[in-house]
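The values are calculated or read from the model by the stated rules, or taken from the named source; none is laboratory data. Not measured: the values here are computed from a predicted model. Here the Cβ is made from the backbone with ideal geometry for all residues, glycine too, and neighbour counts use every protein chain on show. Please note that ligands, DNA and RNA were not included when accessible areas were found on the heavy atoms of the full protein model with its side chains. Shrake-Rupley method; radii C 1.70, N 1.55, O 1.52, S 1.80 Å.
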Amino acid sequence: MTLYSKIIGTGSYLPEQRVTNQQLTDQLAAKGIETSDEWIVTRSGISARHYAAPEQKSSDLAVHAARQALDMAGMQPDDIDLIIVASSTPDFFGSFPSTACIVQQKLGMSNNCAAVDVQAVCSGFVYAVSTANSFIKAGEHKNVLVIGAEVFSNILNFEDRGTCVLFGDGAGAVVMTASDQPGVLATALHADGRHSHILSIPGNVDGGAVAGSAFLHMDGPAVFKLAVSVLEKVAHETLEKAGMTSDQIDWLVPHQANIRIMNSTAKKLGLPLEKMVVTVDQHGNTSAASIPLALDQAVRDGRIKKGHNVMMEGVGGGFTWGAVLVTM
Ligand code: UT7
């Protein structure tokens, strides 16, 4: 019998504070920084984003999303035997203790299950799902909680109009379980560290103080160019591994960074835009949270149904990229 991993629950959470382009434009104008709703919408497709409250950390957002995913899966927290959190904005500076451990504690779990963070920036969720899939297929773990959670507003430089208008906060989660039914059909992960400088937080801790910058820096056009080229390739690679063709994809759930990148990927795959789940307009770019947020939205509004084939694709800092093809 072939052992698969299957997504049996999804969940998501957006913090309460919603900020429209116009509100952000007004706030930035007060500081002498010029932008406009028109520029943001035309260049990125973003109209609004959510920001976490000052006391909300990535683990808090993650726990909301996780509870929803567990409910849908019909599971209790202690049924989970591995937690993987993808985040570039972990609760603690220096990344430890891991956000996954904090999530375990906040879910009130007492089963000593494994908990670990993965770091692949905006590709983090795809990396985490692929990791969970491997653990489940190897028989090492049975029920895995995979979460993408970000409070990107904490690392945005609101003096840099080229980045601060693009990102938002949120979390999404899935519960994956061992099954004799497919499941994750194929995954493909890649990285090219030679491009690490085009999207980074170019700082580190030295003698207990930040050396360099603690803010996100991005060469937008360079990221754009790479993203467009790798996303098409990795989608085809994943389809090939699964022995499928793009017309068998029911839904494309890409990383939500820029509608122009997303439209170009769908077009290159020959997919009608109606088959692509779009949340970038309302969420902005929530990095590792963007794919599970979009997935959960489309599952809950009834677009993605049991048996549908869903292609999830991520791309981001590192430089990293990857795709996961699943039957829901
Ligand atoms: O999540 C990880 C993956 N990330 C991405 O995929 C992001 C990829 N990159 C992008 O989405 C796009 O490159 C951006 C949306 C970031 C930028 O769009 P662009 O069409 O590449 O614009 P640009 O950076 O080339 O800037 C064009 C102009 C510049 O002015 P000049 O030099 O032409 O006079 C910028 O200074 O737009 C200016 N600009 C702005 N103007 C108004 C940059 N930011 C703003 C702004 N408002 N917020």
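Some observations on this one:
- A count restricted to segment 10-19 and to residues that are over 16 Å from the mean Cα position of the chain (by Cα), part of a strand (DSSP E or B) and not aliphatic (A, V, I, L, M) stands at 2.
- Long-range neighbours under 9 Å by Cβ, at least six apart or interchain, first residue touching a residue at least 24 places away in the same chain (Cβ under 8 Å) within segment 130-142, second part of a loop (DSSP other than H, G, I, E, B) and open to solvent by 70 Å² or more (accessible area, probe 1.4 Å): Ile136/Lys142; Lys137/Thr2
- Single match in Leu295, Leu252 (criterion: in a strand (DSSP E or B), open to solvent by less than 50 Å² (accessible area, probe 1.4 Å), touching a residue at least 12 places away in the same chain (Cβ under 8 Å) and more than 15 Å from the ligand (Cβ to nearest atom)): Leu252
- First in segment 79-97 and open to solvent by 50 Å² or more (accessible area, probe 1.4 Å), second anywhere and modelled with pLDDT of 95 or more and in a strand (DSSP E or B), Cβ under 8 Å, 6 or more apart: Asp79/Asn143; Ser95/Asp117
- Count of segment 158-188 residues, restricted to those that are within 30 Å of Ser36 (Cβ to Cβ) and more than 12 Å from the ligand (Cβ to nearest atom), is 4.
- The listed residue being part of a helix (DSSP H, G or I), crowded, with 18+ Cβ neighbours inside 10 Å and within 16 Å of the ligand (Cβ to nearest atom), out of Cys101, Cys122: Cys122
- If the condition is being within 13 Å of the ligand (Cβ to nearest atom) and β-branched (Val, Ile, Thr), then segment 305-325 contributes Val315, Thr320.
- Counted residues, segment 304-328 - those being in contact with a Phe, Trp or Tyr (Cβ under 7 Å, 6 or more places away or on another chain) and assigned to a loop (DSSP other than H, G, I, E, B): 2
- Checking each residue in segment 39-74 for being in a helix (DSSP H, G or I) and near the ligand (Cβ under 9 Å from one of its atoms) picks out Trp39, Ile40, Thr42, Arg43, Ser44.
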